[in-house]
1. Simple spin-label model, 7 Å along Cα-to-Cβ: residue 10 to residue 256 in nm?
2. Report relative contact order for the chain in percent, whole number only (criteria: Cα-Cα under 8 Å, sequence separation at least 6).
3. Provide the three semi-axes, in whole Å and in decreasing order, of the ellipsoid equivalent to the chain as defined by the square roots of 5 times the Cα gyration tensor eigenvalues.
4. Take every Cα pair under 8 Å in the range 211-306 that's 6+ residues apart, average their separations, divide by the length, and report that relative contact order as a whole percent.
5. Only bridges whose two residues both fall in the range 211-306 count here: according to DSSP, what percent of them are antiparallel, nearest 5?
6. Do me a favour and compute the ellipsoid semi-axes for the range 211-306 from its Cα gyration tensor, root of five times each eigenvalue, largest one first, whole Å.
7. The range 2-192: D in µm²/s via Stokes-Einstein (Kirkwood Rh, Cα pairs, 10 °C, 1.306 mPa s)?
8. Relative to the longest principal axis of the C-alpha atoms of the chain, give the angle of the C-alpha long axis of helix 98-119, reported between 0 and 90° and rounded to the nearest 10°.
Ligand code: XMP
């Protein structure tokens, strides 16, 4: 795509002009935006860039290993991978309120990020994968609704004493354009085409208290669901698809025994920006196939439901 080729060259020149010989730190989440920002920055300034990946232990199956493999091994980007799952899960113990969960994760994320950037000896710039809709949203937030539906977190909320000059090379782009840029930069499709994933990770897909055991169960169900979606060739037609582990146990029958295990919900929506969303109309054969696999292959789940709520009035995530 010639337009994106031109954007790429201009963006690289702009980054070099802004950064000079300074050191840049970039928070990597594994998501599309920060990933594309990191690869673009690396192309512009090489080892002046260090990425920090704060792993809260609430990622999907295999995701952390994939982030490390892709960025460190394939793109040769300097990457700090901090496994902070003990810390996050410890602080989440006993927490059931969705907003307290989000705020706890947001606060720890900043603490750990700050620790890691101090270990690196600081930096002159902080890079972020801010997109155009994020810019608009934060501008309109001042005059927008006074009710916070969900407090989102990203590295933009860093405390004043560590505020660095921002580098935001994607701030003129929409999500679909970021994906085109990622392909232009030679990034693998499994990153560029990936569904959005919320900062708080699986914590907000486990209503009630989050534990490592529940996260493990959820990851198994989620893997099966996404595998079936990919096999059916539906992944790219869906904005987001995921599993929610419900804080409800129900009675079931397995072989000639009684089970009393958790129920889970499947969610899949279409959307263009995440602001509104429609339920994806799977055929019932697909849904029952997924349900059978999950109940048979995931210990701890014995019932599967499909969430048929659009946004509004529902939200995409359950918390
Ligand atoms: P909701 O659930 O509000 O989600 O309909 C809209 C979109 O935003 C994602 N989401 C988040 N993304 N940090 C993020 O970076 C967050 O805290 C967060 N919460 C929700 C959600 O997955 C959906 O794509």
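1. According to this spin-label approximation, the distance is 7.4 nm.
2. Worked out over the chain, it gives 17 percent.
3. Each semi-axis is the square root of five times an eigenvalue, giving 35, 22, 19 Å.
4. Numbers: 141 pairs, mean separation 28.2, N = 96.
For the range 211-306, the relative contact order is 29 percent.
5. 75
6. 25, 15, 12
7. Numbers: Rh = 17.5 Å.
The calculation lands on 91 µm²/s.
8. 40
Taken together, the values in this text are just the output of simple stated rules run on the coordinates, not laboratory data. Because the structure is predicted, anything quoted here is derived from the model rather than measured. Note that we place each Cβ from the backbone using ideal geometry, even for glycine, and neighbour counts take in every protein chain shown.
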